[in-house]
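Here is the structure we will look at.
The values are calculated or read from the model by the stated rules, or taken from the named source; none is laboratory data. Everything quoted here is computed from the prediction, not taken from an experiment. Here the Cβ is made from the backbone with ideal geometry for all residues, glycine too, and neighbour counts use every protein chain on show. In case anyone asks, the SASA skips ligands and DNA or RNA and just uses the protein heavy atoms, side chains included. Shrake-Rupley method; radii C 1.70, N 1.55, O 1.52, S 1.80 Å.
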Amino acid sequence: MAVDHILKKIKADAEEAARKIVAEGQEAADAVASEARARAEKQKKELRALAEQRAQEDRNRITTLARLAARRELLDEKQALIDRVFDEAGRRIAGMDQAEYRRFITEFLKSAVESGEEEVLVGEAEKRIDQAFLDSVSKDAGWSGGLRLSKERRPISGGFILRSGRVETNCALETILREAREKLETEVAAILFGEDGE
């Protein structure tokens, strides 16, 4: 009986040790699982924060690009409007009646002529500037030699080119408008847009 008692005691001790080992194992497994869940939750939060940061960076980049595109489009529209203003000015000058056009050209002749003996070249279709007109301007300005209308025509839409020997002064309408634009574009933009043109 003592052997049975010893065997029962050993069995009970073994079962107790097994329960203890299983409980410790379960506790260790629970601790590992809890630690793994905590690590997974931490990684999930880090990934979510990283994804949100990247999404915000993408939104900022897209917003910045959209603003730049809108600004570029606005500037293009403003530039197109300024182009139209100067194009319209050119059309109005070219479309002036003879008397008004001659007054306009007289002012340019008086500011461009140096000796009063220059040759005047006009556009291929020009009919409002003729020798009689140049004689009248020369007489009014007191230029003794007088301006001479060249038989040579140039591909210009209006205005004239003065030639003195080999030197030419370009007073073609296109040139006049281009120079006026360089000087006046900022003022025109301020009138059109109420700002400094930017």
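Here are a few things to note about the model shown:
- Solvent-accessible heavy-atom area per residue, rounded to whole Å², over the chain at 1.4 Å: 73 Å²
- Between segment 71-100 and segment 115-148, the Cα center-to-center distance that results, in Å: 29 Å
- For S150 and E174, the FRET efficiency from 1/(1 + (r/R0)^6), where r spans their Cβ atoms and R0 equals 25 Å, is about 0.85.
- V22 accessible area, assembled protein chains, probe 1.4 Å, Å²: 100 Å²
- In the chain, the DSSP-assigned H stretches of four residues or longer account for a calculated mean residue ellipticity at 222 nm of -26000 deg cm²/dmol, using -39500 (n - 2.57) per stretch and the full residue count as denominator.
- The residues neighbouring K42, those whose beta-carbon lies less than 14 Å from its own, together hold a net charge of +2 under the Lys/Arg +1, Asp/Glu -1 convention.
- Alpha-carbon Debye profile of segment 5-64, log10 I(q)/I(0) at 0.19, 0.21 Å⁻¹: -0.78, -0.83
- Extension gain, R166 back to E15 (0.36 nm per residue minus Cα-Cα distance, nm): 42.1 nm
- Value of Rg/Rh across the chain [Cα atoms, Kirkwood radius]: 1.84
- With contacts taken as Cα pairs under 8 Å and at least 6 residues apart, segment 54-198 reaches a relative contact order of 21 percent.
- Lysine-lysine proximity count for the chain, Cα under 28 Å, sequence distance 8 or more or distinct chains: 11
- Note on exposure: I156, I191, I6 ranked by accessible area (1.4 Å probe, complete protein assembly) read I191, I6, I156, with the most exposed listed first.
- Segment 74-184, Cα convex hull volume normalised per residue, Å³: 111 Å³
- Loop sites here are trypsin sites (Lys or Arg not before Pro) outside DSSP states H, G, I, E and B with no more than 13 other Cβ atoms within 10 Å. The longest part of the chain free of them is 1-126.
- Share antiparallel - DSSP beta bridges, the chain, percent rounded to 5: 70 percent
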